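Reading through the structure tokens given below for one structure.
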Amino acid sequence: MLTEISAIAPQDTGEDTAVQIDGVSKSFSGTVALEPIRLKVRRGEFLTLLGPSGCGKTTLLNLIAGFLEADEGELFIDHDLVTQVPPHQRKIGIVFQNYALFPHMSVAQNVAYGLRTRRVPKAETAERVREALALVKLEDFADRRPRQLSGGQQQRVALARALVIRPRVLLLDEPFSALDRNLRSAMQVELREIQSRLGLTTVFVTHDQSEALSMSDRIAVMSRGRIRQIGTPSQIYDRPENHFVSTFVGDANLFAATLLEKTDATASLDIGTTRLSLATFQEELPEPGPVTLFVRPEQCSLTDPDQPGAIAATVALSVYQGSYAELHLDCSVAENGRVMLRVPASEAMEPGTDVGIALPERGPAIYTTTERET
Amino acid sequence: MSKRPFLGWFASPSILIAFGIAASFLAIVQFSLRAHIPGALDPGGFTLDNFTTLWKTVYGKAFVTTVLLCWWTALFTLLIGYPLAYAMVRAKSARLRSAILLISLTPLFLGEIVRTYSWMIVLGNRGFLNATLMQLGVIDRPLDLMFTMTGVVIALVHFTLPIVVVMLAAALSHIDRNLERAATSLGAGRIRCFLTVTLPLSIPGIVTATSTAFAWTFSAFATPQMIGGGKVQTISTLVYQVGFASFNFPLAASLSLVGLLFTIAVLALFNTGIHRLERIGAH
Ligand SMILES: Nc1ncnc2c1ncn2[C@@H]1O[C@H](COP(=O)(O)OP(=O)(O)OP(=O)(O)O)[C@@H](O)[C@H]1O
Ligand SMILES: [Mg+2]
């Protein structure tokens, strides 16, 4: 796959790699959960695996942790080949969505567990447990049982338990999805602070795109067992490489168009009866023919319907959102018949008003229409 | 609240059963307080003699035998059943899981008499077990298995295994797999993971399974009767003997009653044991 080449982009080689996944794949009784994956996680980096349910995020995480055996491929942690190393010797910290705290042990015993298995002396264990609990602000809860804590506190204990062993990599599988919204954003900030303070290599799994965009150094967007794009949050948001990424991350307006001609810098296309010439960020454009034109809501603007180059549309609904209003427009050339724009709340329009949509000359992306299925 | 018109109908069979149990229980209590007239089937006047008779050593010995039998059976059933249940819950292949389930459940389908006769064939002096061991040269004289405690325990373990395996499997399958994964990621090997996480969390299941096994063996009749052959006297075989060989219904009734109270006492003891263990587990 072309898109996967970005995952092993040559500029990575200068960086220190903490986790290297080399063509690792996994099937469950015939059904493919993961196609061969190539991925390098840089040391100290916060990398997020983002994708819809069932795309293989947990499977990939379990392969790194060693709970699953790869069908093929190699896995390196700190340049050591660990493909055959059992999970308890990998020195990896894991935080589960359901916390997985040992219910029959106190908070302190939970945190101390990973030190006792490694026969750390008693005094040092006590000291490190205290430090770890201080890190997650739970010093006063050492003697409690996990079930006597709130969800957020339990998740912090799970984090302390994973951190206290000074793992080579920290893995988190949708750790905050069971928390309510306020608590979740507080925990996001806290995790990010701790992670960057410790310089800890982290692989974080989520299906929440805003969580991924706000927390990550880099995001790997996955679908159907493949990595569809990997890059910084702004690369993912501003320069999605394919149809799937463009719609999965952020809001997208999609137009059915016909690509007439492409040169190095520009492409000319027909959208309905409107002919446009656009410059895109893409290095490679699809072949002339039916294509999908992708534009973020904030790149579109409203004009007069008669303006040359404007796409005709009718206001269907205006949704007040406080500082702005969302205008949902009926548009015959949009792929799902709708286009969404954000305008200042004062400029909201009555349903039924005819408007024109002006597309920017730079920025939109053009994808082959067949890519939609993935 | 809306009325639930069918509730009465659904509950009615249970009322019938409760009525039946209460009636037979009352009959036993009533019989146990009546005098025995040798040669007559009808009991005499009210008396407490039956209960004082129970202080005799024969009866005392039957209680001790029964408890020992239950204890050894529960112990060995647990030792065999736990690994089986564990394998059943953790086996990766679905086929292996159902094979283990089927094998451990077969004793339930066999019926008590068939199963016990099979054991008599296996355990006899020239039975399968002794013949095989002698052929292999492991022993040169047949082991005494028939009409002994050992033989009865072997057959009772087989009889009790299904319920213990099913109960332990239920308890084990409720243990979150992520707990074991968490322990493993924290550096615990298989054995440590089992001893520090899986085993402590399955203690409530072990206690329930053991106490059920206890009650289950306590009430066993055909196995101790046929394999024990009168040499291993339990409360149930004694009730049978007193009631249907000597036709002393009042004494049989009082023996049953004391046996019942005894079972309840043992189960109550187990119950407090569970709470203790849970509190230990909770510390
Ligand atoms: N033990 C298993 N046996 C069979 N199929 C499995 C198993 N584990 C995962 N799968 C399948 O592999 C695919 C990927 O699953 P995975 O759990 O990795 O998804 P995910 O991205 O973590 O999804 P979610 O966001 O819902 O947690 C799914 O189609 C799933 O049905
Ligand atoms: Mg998952």
Consider residue B:96 carefully, then state whether it is open to solvent by 50 Å² or more (accessible area, probe 1.4 Å) and of a type outside the set (Ser, Thr, Tyr). yes
Given the condition among the hydroxyl-bearing types (Ser, Thr, Tyr), open to solvent by 70 Å² or more (accessible area, probe 1.4 Å) and touching a residue at least 40 places away in the same chain (Cβ under 8 Å), answer yes or no: does some residue in region A:328-336 qualify? yes
Matching residues, region A:106-125, being within 9 Å of chain B (Cβ to nearest Cβ) and open to solvent by 20 Å² or more (accessible area, probe 1.4 Å): A:116, A:118
Where residue A:173 falls short, out of the listed (1) within 16 Å of ligand 1 (Cβ to nearest atom); (2) over 26 Å from residue A:87 (Cα atoms); (3) of a type in the set (Asp, Glu): (2)
Could you please let me know if residue B:253 is open to solvent by less than 20 Å² (accessible area, probe 1.4 Å) and touching a Gly at 6+ places or on another chain (Cβ under 9 Å)? yes
Boolean, residue A:128 is basic (Lys, Arg), within 22 Å of residue B:176 (Cβ to Cβ) and away from every other protein chain (no Cβ under 11 Å): no
Tell me the residue from A:200, A:213, A:170, A:191 that is away from ligand 2 (no atom under 16 Å from the Cβ) and either under 21 Å from residue B:179 (Cβ atoms) or within 14 Å of chain B (Cβ to nearest Cβ) (or both), please. A:170
Filter region B:170-192 for residues that are open to solvent by 10 Å² or more (accessible area, probe 1.4 Å) and more than 8 Å from every other protein chain (Cβ to nearest Cβ) and give the result. B:170, B:171, B:173, B:174, B:175, B:177, B:180, B:190, B:191
Qualifying positions in region A:51-77 - within 12 Å of ligand 2 (Cβ to nearest atom) and not charged (D, E, K, R): A:51, A:52, A:53, A:54, A:55, A:56, A:58, A:59, A:60, A:61, A:62
Of the conditions (1) open to solvent by 40 Å² or more (accessible area, probe 1.4 Å); (2) farther than 15 Å from residue A:366 by Cα; (3) in contact (Cβ under 8 Å) with a residue 40 or more places away in the chain; (4) assigned to a loop (DSSP other than H, G, I, E, B), residue A:308 clears all except one; give me its number. (3)
Is it true that residue A:346 is in a strand (DSSP E or B) and hydroxyl-bearing (Ser, Thr, Tyr)? no
Filtering region A:214-228 down to residues that are under 17 Å from residue A:196 (Cβ atoms) and either open to solvent by less than 10 Å² (accessible area, probe 1.4 Å) or assigned to a helix (DSSP H, G or I) (or both) yields A:214, A:215, A:219
Residue check for residue A:101: more than 16 Å from ligand 2 (Cβ to nearest atom), surrounded by 23 or more Cβ atoms within 10 Å (Cβ to Cβ) and more than 18 Å from the chain's Cα centre (by Cα): yes
Of the conditions (1) closer than 13 Å to residue A:95 by Cα; (2) more than 16 Å from ligand 2 (Cβ to nearest atom); (3) among the hydrophobic types (A, V, I, L, M, F, W, C); (4) in a loop (DSSP other than H, G, I, E, B), the single one that residue A:159 does not satisfy is (4)
Which ones in region A:185-207 are in a helix (DSSP H, G or I) and buried (at least 18 other Cβ atoms within 10 Å of the Cβ)? A:187, A:188, A:191, A:194, A:195
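The values are calculated or read from the model by the stated rules, or taken from the named source; none is laboratory data. Note that the structure is a prediction, hence the values are computed from the model and not measured. As a convention, Cβ positions derive from the backbone with ideal geometry for all residues, glycine included, and neighbour counts pool all protein chains shown. Protein only, heavy atoms only, side chains kept; ligands, DNA and RNA dropped before computing areas. Shrake-Rupley method; radii C 1.70, N 1.55, O 1.52, S 1.80 Å.
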